[in-house]
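As structure tokens, the structure follows; a few thoughts come after it.
The values are calculated or read from the model by the stated rules, or taken from the named source; none is laboratory data. The model shown is predicted, which means the values in this text are computed figures rather than measured ones. Cβ atoms come from the backbone with ideal geometry, glycine included; neighbour counts cover every protein chain shown. Surface areas here come from the heavy atoms of the whole protein model, side chains and all, with no ligands, DNA or RNA. Shrake-Rupley method; radii C 1.70, N 1.55, O 1.52, S 1.80 Å.
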Amino acid sequence: MAKTEEYGLGEFAFARGWFMIGTADEATRTPSSMRYFGRDLVLYRGESGQPYVCDAYCPHMGAHLAKNTTSYIVRDGEQMEGENIRCPFHGWRFGPDGGCNHIPYSDFTPKAAKLRFYPVIERAGILWMWHDPEEGEPDIELANFGGHYGEPGWVEWKVDYMGDLGVHPVEIIDNMADFGHFTPIHGATDWQYFANEFKGSEIHQYYSAGHRTLTANPDDMLVLDTWYEGPGFLQSEMAGTFDSFIMIANTPIEEDKVRAWHGLMVKVHDGSRETTDEDRANALAYQEGSRLAFAQDVEIWANKRACLNPLAIPKDGPYGKVRQWYRQFFHPRAMTAEMQARSNGLHVTLDKRVDKSAA
Ligand code: FES
Ligand SMILES: [Fe+2]
């Protein structure tokens, strides 16, 4: 499949942004190996509870920090100390500032021994990592992620792993503009409105139509505000049979391989009573409906060839603008304002709403 350069997205192979790297229970006191952004990484949880991600290979002589079970460092339980991680090969110990802070057989620790750590936040049961080719601090807030997680009356999501798909993540982002796929794939009916709004690092999709997978009755309308804050995760406020909140995360493993997850939380009551097992069963059933709707897209992505240039017709929706918006994350930060100015604005693909005030 095609690489970032072939899509003409920018000079960085992987986008700058917050990306899901797993669910909260995956970070433990036992370091584990992961691969994202074309890099081998290690995930662990410090004694304080804070999750950490660092590069997998020790700067001393290149041992993998998590792939070891036989070193006495590991067998004697000496690998993890406080927030630090110790290499199983010669026992050099590294802290979250990336510095080497102890060597068992030397009083001297070289400044050059630096292990790269990445900013990590745990929110709404999900681990998020900041990826930045320029190695800068986050310039997009994750502050509001999680919608109604923890609010009374809402049943929290159980995150669904959707697979490792052999596509460039841009093809998932394309879906934001993809008006034409909703009726054939998802069974959209009775279209009222479809538009995209580009606002800096955010993109919104406004959808108002019926939906054969997500509405209980054929006549019910589904009204969605779906948006990305940066390149890595979609959120969606959905008014339908239940009020619900969706998240879909995409994280590149390689340039042409992306891991996807889905989660949905449901408002089962207004918070004035206890949540029952029946509420939870209803919420799970609704999440499953949403997962199945997303799986309809996933099946396409898992089997398609790369689409470097959509053969688009005017009624397709603004793929070109979506890809233009997405390019900002593959360019140096210094160019962000200029890139955003090229995509900012509202694009209405379809509007059949009746203006009652004018009648
Ligand atoms: S390779 Fe890690 S301490 Fe030597
Ligand atoms: Fe879709």
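Answer with yes or no whether Ala209 is farther than 22 Å from Ile126 by Cβ, of a type in the set (Gly, Ala, Ser) and either buried (at least 19 other Cβ atoms within 10 Å of the Cβ) or touching a Lys or Arg at 6+ places or on another chain (Cβ under 7 Å) (or both). Please lay out each step first, then the result.
Working: farther than 22 Å from Ile126 by Cβ: yes; of a type in the set (Gly, Ala, Ser): yes; either buried (at least 19 other Cβ atoms within 10 Å of the Cβ) or touching a Lys or Arg at 6+ places or on another chain (Cβ under 7 Å) (or both): yes.
So Ala209 fits the description; yes.
Pull up region 94-119, narrow it to residues that are of a type in the set (A, V, I, L, M) and part of a loop (DSSP other than H, G, I, E, B), then point me to the one that is most open to solvent (accessible area, probe 1.4 Å). Before you say what the answer is, go through the steps one by one.
Here is the first cut: in region 94-119, the residues of a type in the set (A, V, I, L, M) are 103, 112-113, 115.
Pick out the ones that are also part of a loop (DSSP other than H, G, I, E, B) and you get 112-113, 115.
On the way: Ala112: 94, Ala113: 7, Leu115: 8 Å².
Restricting to residues being of a type in the set (A, V, I, L, M) and part of a loop (DSSP other than H, G, I, E, B), the top hit is Ala112.
Given the structure, is Leu9 outside the structural domain of Leu127 (by TED's automatic domain parsing), open to solvent by less than 30 Å² (accessible area, probe 1.4 Å) and of a type in the set (A, V, I, L, M, F, W, C)?
Details: outside the structural domain of Leu127 (by TED's automatic domain parsing): yes; open to solvent by less than 30 Å² (accessible area, probe 1.4 Å): yes; of a type in the set (A, V, I, L, M, F, W, C): yes.
Here the answer is yes, as Leu9 does meet what is asked.
Looking at region 180-189, is at least one residue more than 28 Å from Ala306 (Cβ to Cβ) and at pLDDT below 95? Show your work before the answer.
Here is the first cut: in region 180-189, the residues more than 28 Å from Ala306 (Cβ to Cβ) are 189.
With the extra rule that they be at pLDDT below 95, the set shrinks to 189.
Scanning region 180-189, I find at least one residue that is more than 28 Å from Ala306 (Cβ to Cβ) and at pLDDT below 95, so the answer is yes.
Go through (1) modelled with pLDDT of 95 or more; (2) open to solvent by less than 40 Å² (accessible area, probe 1.4 Å); (3) under 19 Å from the mean Cα position of the chain (by Cα) for Met238 and report which single condition fails.
(1)
Would you please name the residue that is most open to solvent (accessible area, probe 1.4 Å), looking only at residues in region 294-341 that are among the β-branched types (Val, Ile, Thr) and part of a helix (DSSP H, G or I)? It would help to see each step written out before you state the result.
Initial filter on region 294-341 (among the β-branched types (Val, Ile, Thr)): 298, 300, 313, 322, 336.
Adding the requirement that they be part of a helix (DSSP H, G or I) leaves 298, 300, 322, 336.
Values: Val298: 15, Ile300: 86, Val322: 0, Thr336: 26 Å².
Result: Ile300.
Residue-wise test of (1) within 18 Å of the chain's Cα centre (by Cα); (2) over 20 Å from Glu229 (Cα atoms); (3) outside any loop (DSSP other than H, G, I, E, B).
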| site | (1), (2), (3) |
| --- | --- |
| Ala2 | no, yes, no |
| Glu11 | no, yes, no |
| Phe14 | yes, no, no |
| Phe19 | yes, no, yes |
| Arg35 | yes, yes, yes |
| Leu43 | yes, yes, yes |
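Can you name the strands (runs of 3 or more DSSP E) wholly within region 122-202 that have at least 1 residues being surrounded by fewer than 16 Cβ atoms within 10 Å (Cβ to Cβ) and more than 16 Å from ligand 2 (Cβ to nearest atom)?
Working: elements: 126-131, 160-165, 188-199.
Fully inside region 122-202 and qualifying: 160-165, 188-199.
Counting only residues that are of a type in the set (A, V, I, L, M, F, W, C) and in contact with a Lys or Arg (Cβ under 7 Å, 6 or more places away or on another chain), which one in region 39-77 is most open to solvent (accessible area, probe 1.4 Å)?
In the first step, residues of region 39-77 are kept if they are of a type in the set (A, V, I, L, M, F, W, C); the result is 41-43, 53-54, 56, 58, 61, 63, 65-66, 73-74.
Within this subset, residues satisfying the condition of being in contact with a Lys or Arg (Cβ under 7 Å, 6 or more places away or on another chain) are 41, 54, 73.
Values: Leu41: 0, Cys54: 0, Ile73: 27 Å².
Once the filter is applied, the top-ranked residue is Ile73.
Please work out which one of (1) open to solvent by less than 20 Å² (accessible area, probe 1.4 Å); (2) under 23 Å from Phe19 (Cβ atoms); (3) part of a loop (DSSP other than H, G, I, E, B) is the condition Gly91 fails and give its number.
Exception for Gly91: condition (2).
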